[in-house]
Amino acid sequence: ALLLSVLGEIGVTAEEEAVKLITRSGEGSVRDMLTIADTCVSYCGTRITYEKAAEILGATDRAAVADFADRMLSGDVGGVFELSSELFARGRAVPAFHRDVVGILRDFCVILSTKNAQELLVCSPETFAELGKRARKYTIEHILDCIDVLASAENEIKFSLHPRILFEAAVMRC
């Protein structure tokens, strides 16, 4: 509500999904959220779309990340390599994608463990339904094990000369 109010005061409109993405990217910090929104306004002008906001933030489409996580959790190593190759060929940074995958796994845990998951997750009803469908295929223990594996590799991935190799090795351990 705060972001929409601020944007309205300066004559800027934004798609609902763009607002949710900007809010989520602020990670709980109002200042960070407003800084991100300011950058989006500078780039987009008076209309912020989800696509433009995602491009500015370097965000991977949530559906693609959920697909990747689903393939990883199911043990589809070939599918994981195909999808990661496609995403990295489009310029996606490995540490940022790593963060996105851990975030989706967290979303899966929220869906499996809380009754008000839709209120806690910042996403459209359609995205929530898709995430729920994917999450319910796995146990929370399996998802948490994958989060542990990926979290333990985070610093190595971030500072490695070969982050993709480390990321894919961690994914295969899931």
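Collect the residues in region 76-116 that are in contact with a Phe, Trp or Tyr (Cβ under 9 Å, 6 or more places away or on another chain), open to solvent by 50 Å² or more (accessible area, probe 1.4 Å) and of a type in the set (D, E, K, R), keeping them in residue-number order. Correct list: empty. Here LEU112 fits the description: of a type outside the set (Val, Ile, Thr), modelled with pLDDT of 95 or more and over 29 Å from GLU156 (Cα atoms).
Scanning region 46-75 for residues that are closer than 25 Å to GLU141 by Cβ, of a type outside the set (Phe, Trp, Tyr) and crowded, with 16+ Cβ neighbours inside 10 Å yields a total of 9.
Of the residues making up region 23-35, those that are open to solvent by 30 Å² or more (accessible area, probe 1.4 Å) and free of Cβ contacts under 8 Å to residues at least 40 places away in the same chain are SER25, GLU27, GLY28, SER29, VAL30, ARG31, ASP32, LEU34, THR35. Looking across region 117-152, the residues that are free of Cβ contacts under 8 Å to residues at least 24 places away in the same chain and open to solvent by less than 30 Å² (accessible area, probe 1.4 Å) come down to ALA117, LEU121, GLY132. In region 37-45 there is no residue matching the filter, namely being open to solvent by 70 Å² or more (accessible area, probe 1.4 Å) and touching a residue at least 24 places away in the same chain (Cβ under 8 Å).
Only residues that are out of contact with any helix residue (DSSP H, G or I) (no Cβ under 7 Å at 6 or more places or on another chain) and not β-branched (Val, Ile, Thr) were counted across region 35-60, and they come to 6.
Residues are listed down the side, and each one gets a yes or a no for (1) of a type in the set (D, E, K, R); (2) touching a Leu at 6+ places or on another chain (Cβ under 9 Å); (3) not in a loop (DSSP other than H, G, I, E, B):
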{"site": "CYS40", "(1), (2), (3)": "no, yes, yes"}
{"site": "TYR43", "(1), (2), (3)": "no, no, yes"}
{"site": "ALA54", "(1), (2), (3)": "no, yes, yes"}
{"site": "LEU83", "(1), (2), (3)": "no, no, yes"}
{"site": "ARG106", "(1), (2), (3)": "yes, no, yes"}
{"site": "CYS109", "(1), (2), (3)": "no, yes, yes"}
{"site": "GLU126", "(1), (2), (3)": "yes, no, yes"}
{"site": "GLU130", "(1), (2), (3)": "yes, no, yes"}
{"site": "ASP145", "(1), (2), (3)": "yes, no, yes"}
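The values are calculated or read from the model by the stated rules, or taken from the named source; none is laboratory data. Note that the coordinates shown come from a computational prediction; the quantities given were computed from them, not determined experimentally. Every residue, glycine as well, gets a Cβ built from its backbone with ideal geometry; the counts of neighbours run over all protein chains shown. These accessible areas exclude ligands, DNA and RNA; they are computed on the full protein's heavy atoms, side chains included. Shrake-Rupley method; radii C 1.70, N 1.55, O 1.52, S 1.80 Å.
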